[in-house]
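Undergrad: Right, I'll just put the structure down here and ask away after.
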Amino acid sequence: MSRILLLSNGHGEDLSGALVGKWLRKLHHHVDAFPLVGFGNSYTQAGIKVLGKTREFSTGGLGYTTFSGRLTELFQGQLVYLVGRFWTLLSVSSNYDLLVVIGDVVPVICAWLTRLPVVTYLVAYSSHYEGKLKLPWPCGSFLSSKRFLKIYTRDQLTADDLTIQLDRNIEFLGNPFLEPVFENQESLPSCGFRLGLLPGSRRPELDSNLLLMLSVIDLLPFPLVIEREIHFDMALVTSLTNKELKSLVSQRGWQTCNSSIQLRRNQLKVSIHRDSFVKVLQSSDVVLSMAGTAAEQALGLTKPVIQLPGNGPQFTASFAEAQRRLLGPTVFCADGIVGQGSNLRNTARLILEILERSKNDPKLHKECCEQAMKRLGPEGGARRMAVEISSLIDAMHS
């Protein structure tokens, strides 16, 4: 049995790491986790020990965020925290045989400095953004090193691109974060159309995202909502309590009822689902999204995605634009300035259009299926990665 440490740097990365870690444990390896940012809740939920004292920051990661978000992180002490986490990593790394990196340049650099053998899943990078991936310095040099035993990418285009750039075999085995969306779960009751609402998971951004979504729902013509039997179902994290939800939505004239499992304004209704993210995704015809990994999971389930850019710090117009380049033409976004009336009205019209197409346009369904495979690949990525990593460890010890 080998000792493996999972090193990640964000909520989505933690999820992928936890799913790979569960399979590595099934293959009889000892697995611990070291999230560089955040509490690493995905690891804890998977029964994987999280090392060191962890802390959550407002942006929840080290990727896309606004300038003000970066300033907020500095005031919150993220830089000092990261330096402390790095020193803790160096102090514990000698207890492990292998580091598995899930993320981007930051954990790659940290892994390099431990001098341990490394396997890397570059979930944060894709050649779909620009056609050719420009790895940030010094990521390319480190990944070319023999100490980085294996490199996996999030899509085949990136694997082909980096195979040429790094002059070594880079593999695409699928995306671990798709595993939860393929779990068999009971579906929501049938209806004419169902719009899934994904406001994100990071507070306080989640709060403003939720209100923006309700503003869009308000603009949908109620007679049409009734005629087409459109249901609205929101996947909501538990960090926003029922009491806080009630106070929040009252700002826009909405009320909570039925123990906060439903929001109402006039005759409009939005059902709230906690710990039922997969059920909402699987049951929806279309999703309205202000999320990162969740939108990718929706794409993996061949669902059309409509974006609603907000004020950040993460899900901004620039983040949404980059997400469209990453995920392709079945991700839609309305014109207009973020948060302004024109954008909200255009989003409402787009919702009605894509809902109708989801049921009556076979070309859209075909393209959703094609893009899901092209951009994300088949299910089973976590298991395939774990099996290969286990084989690498066996080869190291032979």
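Undergrad: Can you pull out the helices (runs of 4 or more DSSP H) entirely within the range 314-398 that have at least 1 residues that are in contact with a helix residue (DSSP H, G or I) (Cβ under 8 Å, 6 or more places away or on another chain) and small (Gly, Ala, Ser)?
TA: 341-360, 362-375, 381-397
Undergrad: Look through the range 1-23, keep the residues that are among the polar types (S, T, N, Q) and not in a strand (DSSP E or B), and return whichever of them is modelled with the lowest pLDDT.
TA: Per the stated criteria, the residue is Asn9.
Undergrad: Select, from Gly312, Gly336, the only residue that is crowded, with 21+ Cβ neighbours inside 10 Å and farther than 18 Å from Ser126 by Cβ.
TA: Only one candidate passes the filter, namely Gly312.
Undergrad: Keeping to the range 24-35, report how many residues are surrounded by fewer than 24 Cβ atoms within 10 Å (Cβ to Cβ) and either among the aliphatic types (A, V, I, L, M) or assigned to a loop (DSSP other than H, G, I, E, B) (or both).
TA: 3
Undergrad: Take the residues in the range 166-202 that are aromatic (Phe, Trp, Tyr) and part of a helix (DSSP H, G or I), then tell me which one is surrounded by the most Cβ atoms within 10 Å (Cβ to Cβ). Break it down stepwise before answering.
TA: First pass over the range 166-202, keeping only residues aromatic (Phe, Trp, Tyr): 172, 177, 182, 193.
Remaining after also requiring part of a helix (DSSP H, G or I): 177, 182.
Values: Phe177: 27, Phe182: 15.
Filtering the range 166-202 for residues that are aromatic (Phe, Trp, Tyr) and part of a helix (DSSP H, G or I), the one surrounded by the most Cβ atoms within 10 Å (Cβ to Cβ) comes out as Phe177.
Undergrad: How about the range 245-260: which of its residues are of a type outside the set (Gly, Ala, Ser) and free of Cβ contacts under 8 Å to residues at least 12 places away in the same chain?
TA: Those that are of a type outside the set (Gly, Ala, Ser) and free of Cβ contacts under 8 Å to residues at least 12 places away in the same chain: Gln255, Cys257, Asn258.
Undergrad: Which of the numbered conditions does Lys279 fail, given that it passes all the others? Conditions: (1) within 17 Å of the chain's Cα centre (by Cα); (2) free of Cβ contacts under 8 Å to residues at least 12 places away in the same chain.
TA: So the condition that Lys279 fails would be (2).
Undergrad: Determine which member of the set Leu162, Leu149, Leu157, Leu90 is within 23 Å of Val37 (Cβ to Cβ) and of a type in the set (A, V, I, L, M).
TA: Answer to the check: Leu90.
Undergrad: Does Val249 meet the test of being aliphatic (A, V, I, L, M) and under 19 Å from Gly12 (Cβ atoms)?
TA: Numbers: aliphatic (A, V, I, L, M): yes; under 19 Å from Gly12 (Cβ atoms): no.
So Val249 does not fit the description; no.
The values are calculated or read from the model by the stated rules, or taken from the named source; none is laboratory data. Predicted model, so just to flag it, every value in this text is computed and none were measured. Heads up, the Cβs are rebuilt from the backbone with ideal geometry, glycines too, and the neighbour counts pull from every protein chain shown.
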